[in-house]
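Peer 1: Before I ask anything, here is the structure I am working with.
The values are calculated or read from the model by the stated rules, or taken from the named source; none is laboratory data. Please read these numbers as outputs of a predicted model, since none were measured by experiment. When we count neighbours, we look across all protein chains shown, and the Cβ atoms used for this are built from the backbone with ideal geometry, even at glycine. The accessibility values were calculated without ligands, DNA or RNA, using every heavy atom of the protein model including side chains. Shrake-Rupley method; radii C 1.70, N 1.55, O 1.52, S 1.80 Å.
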Amino acid sequence: MMTQQFKIEGMTCTACAAAIERKVSSMDGVSSAVINFTTENLVVTYDEEKLNNDEIIAAIIGLGYGATLLMPETNDAKSPSVSKNVKSIDQQITQVKKRLIISIIFTLPLFYLAMGPMIGLPIPTFLAGQQNVLINALTQMLLTIPVMIINRQFYTGGFKALFKRIPNMDSLVAVGTTAAFAYGIIVLYALAYGFSYQDTMLIHQYSHSLYFESTAVILTLITLGKFFETRAKGRTSSAIEKLIEMVPDSARIIKNGSEIEVSIDAVQVGDTIVIRPGDRIPVDGTILSGSSSVDESLLTGESIPVEKQVDDSVIAGSINKTGAFQFRADKVGQDTTLSRIIKLVEEAQSSKAPIARIADQVSRYFVPAVMVIALLSFLVWFLLGYGFSFSLGIGITVLVISCPCALGLATPTAIMVGTGKGAEKGILFKNGPALEILGKSKAIVFDKTGTLTEGKPSVTDLVIFDDDVSESELVLKMASVEKMSEHPLSEAILNYAKDLNLLDIKNFLAIPGMGISGEADQTTIAIGNPKMMQNDGLKLSSQMIDTYHRFSDAGKTPLLIAWNQEIKGLVAVADTIKASSRHAVAELKAMGLEIHMLTGDNERTAKAIAKQFAIKNVIANVLPDEKSGAITALQAQGQQVIMVGDGINDAPALAQSDVGIAIGNGTDVAIESADVVLMQDDLLNIVSAIQLSRATLRNIKQNLFWALIYNTIGIPVAAGLLYIPFGLTLNPMIAAAAMSLSSVSVALNALSLKAFKPKFVTLTEPKTLDTSPQLQNTETLTAKIKNEEIQKEGKTMKNVVLDVKEMSCQHCVKRVMGILQESDFIKDPEVLLDQAEARFLAPEDANLEPLIKAINEAGYPTSLKE
């Protein structure tokens, strides 16, 4: 099967889109055909052995519309389909604006001539009075004709669709205004007959029955509505336009030892590209030399610039801030991250949410039904004896007031704005159904490793049993032995001691199932579990045993360390919880979602981790190929399930779930299998994604409700329902204004999603599990070592703790950390979100007021904690 996009021209309303969709869908070999009226893109999936692009284009042209193939195979980083759409929208706005201005120029004097005398306004003498009625009528006709000519597409498109038995909104306008103009011509002949035969009664009867002004005003008001609607449609794609604008037109590359500037589409994989301060990065690549901070906010939503060094990756579209560097081009053109994001957003905006089927079904029968109602209204009133003019006015009003576009615009405009807003926040929806289903789902399943946790072990706790041993000594000896080991836990300990000069180790020995040992400075150091200690003849006190089991029960791996025939301390290693994951889980619970955790860990470890999140539903001991089965079991209970994962082994579960969410730093397989991709490794974005989905769904329902209510009320009123009981009828011109307003209001309501901001109910993260009231939760090792070094130099430092309020996420943490790092007198700053604190070392005589003031001005009320 092949999927291809086509650009459609000539559509004027959603009935046109529905007709094209039905025609293409009915072709042999077509699996699906989805058209987005807002973007004017048709996405067709078909069997290339049974059908080709030319046949699809011919079928569309046969319906009276234009179609061109969108070719994605290009090295240009700017999406061709999006670029054409932006250009098309701009051209449409210009064309409609021109039509509107010309229409107004002729309609205003026409309206004045028709309505002015009724309210006592003066008109030129040669047009005033009953004796000049015929001249007045001819003038009105001459002013109407240019308005009809400039808006002739209503007639060409409307009558063509009518003759092909696929009537659309233009058909309603064309029939209504043609009937009004034709009736005006009949009245003109009647007036001429009256003047020829001096029939004053006939002249008086028809002198105020001209419908020329109705024709012109209806066309002008509908064109005004089209102008606002087209502008609103253009604004719905602003998110994609912002992404397109991020791609520079050229790049500086090193060629034969010289720096030259080339166009962006000339950059090849492997080229060395030069970046200076303020430059936009043209393609994805890896830094070869230099360093800098790079603003990736428009791509990831992360507001703080990211420090980049040699071997770090850079993303096309991001902005270089301070330094200069050279990097190797790894991905160019349509392969860059930015181009993939644009493609994902565009595909999502071109897809249909399930709720759109309601509008599609209604729109399919809407226009024919309205034409039948208009004809019946005309016949009923005429047969009741209310006269041809009155009955015709009723029929025209019914045709003009009905609005299928409001129904058709309800869903795609909201989907476009919603997916665009998500892209701005680093949340990529791959399709419309994902955006809808995400907000409806009531169960969410998290893979533990790499999703709720960091996915790699790190040192979490350190306990010293010998008062004569310092923390730095304990870690130094432990890390020196661990550097000889290839065990995964060794890397965690080495990272913890990365600032230390390690000792040389001799006679290293690894004992499977127990631990390791080695000699340093003629001292044997042993690291391992209680069994190893006992085998070496070392005695464990009840405190040691209790401490060891407390950490073990908490899902951590405790390691005992001994030398000189004494157990000196304990280090606990674990896969640590991600900074924002507790907060995210708390928010999801507050939103009413049922939380599940899925892991291959044993049940004890799984429950220990789950306890830190207060997650009750834990599925442990799950093999990679069993994860999708766990999702299926939840779905069998009647739940729509969200799955969040990042690894290759999560891909089947992501595909099986109703909505799969992949973390942006996860594997390509997981990202391909998911429906939603988070560009940041921040689980709070899941909360934002679900809230955005619910807001979009609410917006769609509002649009559909008002569109249906408008037509449900408007059409009966236009048909004269209120005339007999209250004597009220609706003027065709007012009906045209109401119809235009309904389409515009739906588009504007969709644009209100641009103001979306996620709301977090729980402002702080839940407290972490207290593994033991007897344990010593230490500060970072590096801080202690540096403090010891400062004291040796004769400086007096103090530990400072600031109480920092209103931090709600890791963005807040980074902002506060940035302020602390800018201060040149403090050492080892640390910001703790869950405790709402900032900690650091500062000289005893340091003035902290400017620092506290800076944090306060950043929006976080701060005070010194005693």
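Peer 1: Quick one: length gained pulling Glu486 to Thr523 fully straight, 0.36 nm per residue minus the C-alpha distance?
Peer 2: Numbers: separation 37, 0.36 × 37 = 13.32 nm, distance 2.19 nm.
Full extension of this stretch gives 11.1 nm more.
Peer 1: Using a probe radius of 1.4 Å on heavy atoms only, what accessible surface per residue do you get for the chain? Whole Å² is fine. Could you put the intermediate results ahead of the total?
Peer 2: Details: 38320 Å² over 866 residues.
Dividing the accessible area of the chain by its residue count gives 44 Å².
Peer 1: Taking the Cα centroid of region 113-130 and of region 273-294, what is the distance between the two, rounded to the nearest whole Å?
Peer 2: 72
Peer 1: Please identify every one of the trypsin sites (Lys or Arg not before Pro) in region 422-456 that sits in a loop by DSSP and has no more than 16 other beta carbons within 10 Å of its own beta carbon.
Peer 2: Numbers: sites: Lys425, Lys430, Lys440, Lys442, Lys448; in loops: Lys425, Lys430, Lys442.
Passing sites in region 422-456 are Lys442.
Peer 1: Asn856 to Ala128: extension gain in nm, 0.36 nm per residue of separation minus the Cα-Cα distance? Write out the running numbers ahead of the final one.
Peer 2: Values: separation 728, 0.36 × 728 = 262.08 nm, distance 7.38 nm.
This chain segment gains 254.7 nm when fully extended.
Peer 1: Okay, next question. Of Lys456/Lys568; Lys456/Lys607; Lys556/Lys805; Lys701/Lys757; Lys556/Lys616; Lys321/Lys805, which pairs sit farther than 24 Å apart, going by alpha carbon to alpha carbon?
Peer 2: On the way: Lys456/Lys568 26 Å; Lys456/Lys607 19 Å; Lys556/Lys805 31 Å; Lys701/Lys757 19 Å; Lys556/Lys616 19 Å; Lys321/Lys805 30 Å.
Pairs exceeding the cut-off: Lys456/Lys568; Lys556/Lys805; Lys321/Lys805.
Peer 1: Starting from the Cα of Asn602, step 7 Å along the direction of its Cβ; do the same at Met201; then give the gap between the two resulting points in nm.
Peer 2: According to this spin-label approximation, the distance is 10.9 nm.
Peer 1: Ordered by packing density, taken as the mean number of other Cβ atoms within 10 Å over each peptide's residues, highest first, how do 751-759, 17-25 rank?
Peer 2: On the way: 751-759: 14.9, 17-25: 21.2.
Per-residue Cβ counts within 10 Å, averaged per peptide and sorted highest first, yield 17-25, 751-759.
Peer 1: Quick check on packing: order 850-859, 636-645 by the mean number of other C-beta atoms within 10 Å, highest mean leading.
Peer 2: Numbers: 850-859: 14.5, 636-645: 19.9.
Packing order, densest peptide first, comes out as 636-645, 850-859.
Peer 1: Among [x] 67, 33, 23; [y] 57, 34, 25; [z] 71, 27, 26, which one is semi-axes √(5λ) of the Cα gyration tensor in Å computed from these coordinates?
Peer 2: [z]
Peer 1: Dipole of the chain, Cα-centred, from +1 at each Lys and Arg C-beta and -1 at each Asp and Glu C-beta, to the nearest 20 debye? Each step should come with its number before you reach the end.
Peer 2: Values: 75 positive and 91 negative charges, 822 e Å.
In debye, rounded to 20, the chain gives about 3960.
Peer 1: What are the radius of gyration and Dmax of region 251-296, computed over its Cα atoms and given in Å?
Peer 2: 10.6, 31
Peer 1: Here is a follow-up. Does anyone have the angle between helix 781-792 and the longest principal axis of the chain? Alpha-carbon axes, 0 to 90°, nearest 10?
Peer 2: Helix 781-792 and the main axis of the chain meet at about 60 degrees.
Peer 1: Just in region 97-199: which chymotrypsin sites (Phe, Trp or Tyr not before Pro) are loop by DSSP and have at most 12 other Cβ atoms within 10 Å?
Peer 2: For chymotrypsin sites (Phe, Trp or Tyr not before Pro) across region 97-199 that sit outside H, G, I, E and B with at most 12 neighbouring Cβ atoms in 10 Å, the list reads Tyr197.
Peer 1: Sticking with this structure for a sec: Under the definition of Cα pairs under 8 Å and six or more residues apart, what whole-number percent is the relative contact order of region 92-219?
Peer 2: 28
Peer 1: Any chance you could give the angle, 0 to 90 degrees and rounded to 10, that helix 80-115 forms with the longest Cα principal axis of the chain?
Peer 2: 30
Peer 1: Do the sum for the chain: with -39,500 (n - 2.57) for every DSSP H run of n ≥ 4, divided by all residues, what is the mean residue ellipticity at 222 nm, to the nearest 500 deg cm²/dmol?
Peer 2: Details: 30 runs with 419 residues, N = 866.
Helices in the chain give a 222 nm mean residue ellipticity of -15500 deg cm²/dmol.
Peer 1: Measure off 7 Å from each Cα along the Cα-to-Cβ vector at Asp536 and Lys616, then give the distance between these two points in nanometres to one decimal.
Peer 2: 4.6
Peer 1: Show which lysines lie in cross-link reach of Lys798 when reach means a straight Cα distance below 27 angstrom and same-chain residues fewer than eight apart are skipped.
Peer 2: Answer for Lys798, where 27 Å is the Cα cut-off: Lys498, Lys767, Lys784, Lys786, Lys814, Lys827, Lys853, Lys865, listed by chain and number.
Peer 1: Shifting gears a bit: Pairs Lys7/Lys759; Lys98/Lys160; Lys448/Lys539; Lys477/Lys627; Lys50/Lys331: which are spaced more than 32 Å apart, C-alpha to C-alpha?
Peer 2: Numbers: Lys7/Lys759 38 Å; Lys98/Lys160 24 Å; Lys448/Lys539 36 Å; Lys477/Lys627 41 Å; Lys50/Lys331 35 Å.
Flagged as over cut-off: Lys7/Lys759; Lys448/Lys539; Lys477/Lys627; Lys50/Lys331.
Peer 1: A further question on this structure: Going 7 Å from the Cα of Glu9 along its beta-carbon direction, which residues of region 52-69 have the amide nitrogen within less than 18 Å of the resulting point?
Peer 2: 54-69
Peer 1: Work out the P(r) tail for region 2-59: percent of alpha carbon pairs separated by more than 12 Å, whole number.
Peer 2: Numbers: 1007 of 1653 pairs.
Of all Cα-Cα pairs in region 2-59, 61 percent lie more than 12 Å apart.
Peer 1: Given contacts defined as C-alpha pairs under 8 Å and at least six residues apart, what's the relative contact order of the chain, whole-number percent? Walk me through the numbers before you get to the answer.
Peer 2: On the way: 1649 pairs, mean separation 100.8, N = 866.
Worked out over the chain, it gives 12 percent.
Peer 1: Let me ask something additional. Check Thr453: other-chain or 5+ apart residues with amide H under 5 Å from its amide H, H built from backbone geometry?
Peer 2: The list, which skips near neighbours in sequence, is Lys578.
Peer 1: Taking amide H atoms as placed 1.01 Å from N in the peptide plane, list the residues 5 or more away in sequence, or in a different chain, whose amide H sits under 5 Å from that of Ser250.
Peer 2: For Ser250, the qualifying residues are Ile264.
Peer 1: A follow-up question, please. Quick one: pull the percent of accessible area on the chain belonging to carbon and sulfur, 1.4 Å probe, ligands and nucleic acids left out.
Peer 2: Result for the chain: 55 percent of the exposed heavy-atom area is carbon or sulfur.
Peer 1: How high is the relative contact order of region 440-549, in percent, with contacts defined as C-alpha pairs under 8 Å that are six or more residues apart?
Peer 2: Relative contact order of region 440-549: 17 percent.
Peer 1: Relative to the longest principal Cα axis of the chain, at what angle does helix 404-424 sit, 0 to 90 degrees, rounded to 10?
Peer 2: Compared with the principal axis, the helix lies near 20 degrees.
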